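A.B. asks: Attaching a single structure in structure tokens format; questions to follow.
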Amino acid sequence: MRYTHGIKLIRKRPHVGKISLAITLTLVLLIVVLGFTSLNAERFFIGFVESLYRVSLSYVIALVLALVLALIISASKVVEEVLVPILDVLQSFPSFALFPLFVLWFGKTSIVTIIILIAEMIWPILFTVLTAHKQIREDVLEAAKSFKAQGLKLLWFVIIPLIFPAIITGSIVAWGEAWEAIIAAEIIVNIAGVGSYLADIAASNHPEKLAIGILALMLILFLINKYLWLPLLNISTKYQQD
Amino acid sequence: MLTLKNISKNYTDEGKKAVILDDINLEFKTGELTTLIGPSGCGKSTLLRIISGLTPPSHGQLVWAETPQIGFIFQNYALFPYLTVFENIEFGLKMKGTSKAERIKIVNELIEEVGLKGYADKHPKELSGGMKQRVGIARALAISPNVLLMDEPFSSLDEFTAEDLRALLLNLWSKKHLSVIMVTHLIREALQLADQIVVLSTKPGRIKKVMTNELARPRNLRSDEFFKQEDRLKELIHQEL
């Protein structure tokens, strides 16, 4: 329940919702009135789609890697004792520090940004899922086993649903961090994307265009959160253990 | 139904060996209701898990007269929180590969039988303890078990609810010809329900006494004979504390 606190707040206190709505509406207005007259909308949206593609692809890869790792770690106490300290160190290592190395290997390409994104996204998912896995009640597992649920059946019908809320909360954190990272990565690598586009208009000395670009990005990310992650979060509360 | 031969269970915890159960020999008869009773730490829950196959014994053998189909009922219900009442009851059938039509029929019958009508689409979170345990009972019965194992099934409930569910259990037990093995720490519950009462001693868990409960059914919980038996059992268990 703890991690849903922020969203609960909006539901419980309507004024928070109203303020968000007011901000959103102002943004929409700004973009409609100013945006398309001064902004190269086409380049902006193409850039955004490029970035969205990179974030989504990295997310899927990070999710699969995190789940596989979490399940391997949870399967054995020995593996846990060896791997968790290593992963903990890796987690705290700033992935941007490896940027020059990746560029050396792969050149200034999309692959570099994707690797950086995966390195950002994998940790929040992995560690929330690991915690959730530890909290699975022993008797619920025994109940499943008493019905001969084993191996893949146990994984699919019991373990995955039980860690589903953690997958969602971990994903929300990862998704947020990924947008931060992609903007920076695209600026550094200088490939087509929303980050490099914003860098370009900033360089062209049109601060008002930059502001609109940033606001447009905020609006789109807000809508993704509202229509993708929030509904998933609501579903996942049903999955929680008592 | 089942014979336990020289069953022992040891745990090794950080190099220290602990004996949980020591040389348990017991016989359970088909269709009887047996209670395992003893102070906490006597290994009664472990013994139940060994019988269920969830935990292997360190030594000894279980000899089943026929292949058992086991239903397990837990103290804290152990329901799947992400499934509805209907889906919880359906779980075992799904694992067995029973057809959808058959599953719907069996689950609906059980919902009626255990008193969960109108709750099919609720999630465990929305239910009281008593209702949760009804789901636990229905879920265990769905796979048509011939053996029902119960681990302190009514200990987490208030006395009124527990009394209701004991009546439900007795009803289902006689109707479905089940063999029941139930762990409890409540002397009155053991006397009220059981044909055979197994008293375990603690550290390590050994069999202290196997009693046949001669009280006639339906049992009068306020008869002189009941009180006399209660005192006898109490004394046996108190020697262990």
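A.B. asks: Taking region A:114-139, which residues are more than 18 Å from A:Leu90 (Cα to Cα) and away from every other protein chain (no Cβ under 14 Å)?
C.D. replies: A:His133, A:Lys134
A.B. asks: Oh, and also: Has region A:140-151 got at least one residue that is free of Cβ contacts under 8 Å to residues at least 60 places away in the same chain, more than 10 Å from chain B (Cβ to nearest Cβ) and in contact with a helix residue (DSSP H, G or I) (Cβ under 9 Å, 6 or more places away or on another chain)?
C.D. replies: no
A.B. asks: Further, regarding this structure: Filter region B:60-82 down to residues that are more than 7 Å from chain A (Cβ to nearest Cβ), in contact with a helix residue (DSSP H, G or I) (Cβ under 8 Å, 6 or more places away or on another chain) and either surrounded by fewer than 24 Cβ atoms within 10 Å (Cβ to Cβ) or not in a loop (DSSP other than H, G, I, E, B) (or both), then give me how many there are.
C.D. replies: From region B:60-82, those more than 7 Å from chain A (Cβ to nearest Cβ) are B:60-69, B:71, B:73, B:75, B:77, B:79; that's our starting set.
With in contact with a helix residue (DSSP H, G or I) (Cβ under 8 Å, 6 or more places away or on another chain) added as a condition, the list becomes B:62, B:71, B:73, B:75, B:77, B:79.
Filter once more, keeping what is either surrounded by fewer than 24 Cβ atoms within 10 Å (Cβ to Cβ) or not in a loop (DSSP other than H, G, I, E, B) (or both): B:62, B:71, B:73, B:75.
Count: 4.
A.B. asks: Looking only at region B:92-130, filter to residues that are under 19 Å from the mean Cα position of the chain (by Cα) and within 14 Å of chain A (Cβ to nearest Cβ); which one of those is surrounded by the fewest Cβ atoms within 10 Å (Cβ to Cβ)?
C.D. replies: B:Gly129
A.B. asks: Let me ask something else about it. Restricting the search to region B:33-59, which residues are assigned to a loop (DSSP other than H, G, I, E, B), open to solvent by less than 30 Å² (accessible area, probe 1.4 Å) and either touching a helix residue (DSSP H, G or I) at 6+ places or on another chain (Cβ under 7 Å) or over 22 Å from B:Tyr11 (Cβ atoms) (or both)?
C.D. replies: Just the residues of region B:33-59 that are assigned to a loop (DSSP other than H, G, I, E, B), to begin with: B:38-43, B:53-58.
Cutting the leftovers down to open to solvent by less than 30 Å² (accessible area, probe 1.4 Å) gives us B:38-39, B:42-43, B:55.
Result: B:Gly38, B:Pro39, B:Thr55.
A.B. asks: Taking B:Leu221 as the residue in question, decide whether it is within 25 Å of B:Leu169 (Cα to Cα) and either open to solvent by less than 30 Å² (accessible area, probe 1.4 Å) or assigned to a strand (DSSP E or B) (or both).
C.D. replies: No; evaluated as a whole, the condition is false for this residue.
A.B. asks: State yes or no: is B:Ile207 closer than 13 Å to B:Thr34 by Cβ and open to solvent by 30 Å² or more (accessible area, probe 1.4 Å)?
C.D. replies: yes
A.B. asks: Here are some conditions: (1) at pLDDT 95 or above; (2) open to solvent by 20 Å² or more (accessible area, probe 1.4 Å). A:Ile125 meets all but one. Which one does it not meet?
C.D. replies: (2)
A.B. asks: What residue, among those in region A:159-196 that are of a type outside the set (A, V, I, L, M, F, W, C) and open to solvent by 10 Å² or more (accessible area, probe 1.4 Å), is farthest from the other protein chains (Cβ to nearest Cβ)?
C.D. replies: Residue satisfying both the conditions and the ranking: A:Asn190.
A.B. asks: Here is a further query. Which residue, of A:Ala192, A:Ala216, is assigned to a loop (DSSP other than H, G, I, E, B), within 20 Å of A:Glu50 (Cα to Cα) and modelled with pLDDT under 85?
C.D. replies: On the way: A:Ala216 fails: assigned to a loop (DSSP other than H, G, I, E, B).
When all the criteria are applied, what remains is A:Ala192.
A.B. asks: Among B:Glu32, B:Glu66, which is the only one that is among the charged types (D, E, K, R) and within 23 Å of A:Lys148 (Cα to Cα)?
C.D. replies: Numbers: B:Glu32 fails: within 23 Å of A:Lys148 (Cα to Cα).
Of the residues listed, the single one that is among the charged types (D, E, K, R) and within 23 Å of A:Lys148 (Cα to Cα) is B:Glu66.
A.B. asks: Return the pairs, sorted by first residue and then second, in which the second residue is surrounded by 15 or more Cβ atoms within 10 Å (Cβ to Cβ) and among the acidic types (Asp, Glu), the first residue lies in region B:56-73 and is on the phi > 0 side of the Ramachandran plot, the beta carbons are less than 8 Å apart, and the residues are 6+ apart or on different chains.
C.D. replies: Within 8 Å, the pairs are B:Gly60/B:Asp23.
A.B. asks: Filter region B:131-156 down to the residues that are crowded, with 19+ Cβ neighbours inside 10 Å and out of contact with any strand residue (DSSP E or B) (no Cβ under 9 Å at 6 or more places or on another chain), then identify the one that is farthest from the other protein chains (Cβ to nearest Cβ).
C.D. replies: Restricting attention to region B:131-156, the residues satisfying the condition of being crowded, with 19+ Cβ neighbours inside 10 Å are B:131-143, B:145, B:147-154.
Then keep just the ones that are out of contact with any strand residue (DSSP E or B) (no Cβ under 9 Å at 6 or more places or on another chain); that gives B:131-132, B:134-135, B:138.
Details: B:Met131: 13, B:Lys132: 9, B:Arg134: 15, B:Val135: 11, B:Ala138: 13 Å.
If we take residues in region B:131-156 being crowded, with 19+ Cβ neighbours inside 10 Å and out of contact with any strand residue (DSSP E or B) (no Cβ under 9 Å at 6 or more places or on another chain), then B:Arg134 is farthest from the other protein chains (Cβ to nearest Cβ).
A.B. asks: Determine, yes or no, whether A:Phe106 is of a type in the set (Phe, Trp, Tyr) and within 14 Å of chain B (Cβ to nearest Cβ).
C.D. replies: Working: of a type in the set (Phe, Trp, Tyr): yes; within 14 Å of chain B (Cβ to nearest Cβ): no.
Answer is no for this residue.
A.B. asks: Residue under question is B:Ala140, and the condition is that it be at pLDDT 95 or above, at positive phi and of a type outside the set (Val, Ile, Thr); does it hold?
C.D. replies: In short, no.
The values are calculated or read from the model by the stated rules, or taken from the named source; none is laboratory data. The model shown is predicted, which means the values in this text are computed figures rather than measured ones. Backbone-built Cβ (ideal geometry, glycine too); neighbour counts: all protein chains shown. The protein model used for the area step is the full one, side chains on, heavy atoms only, and it has no ligands, DNA or RNA in it. Shrake-Rupley method; radii C 1.70, N 1.55, O 1.52, S 1.80 Å.
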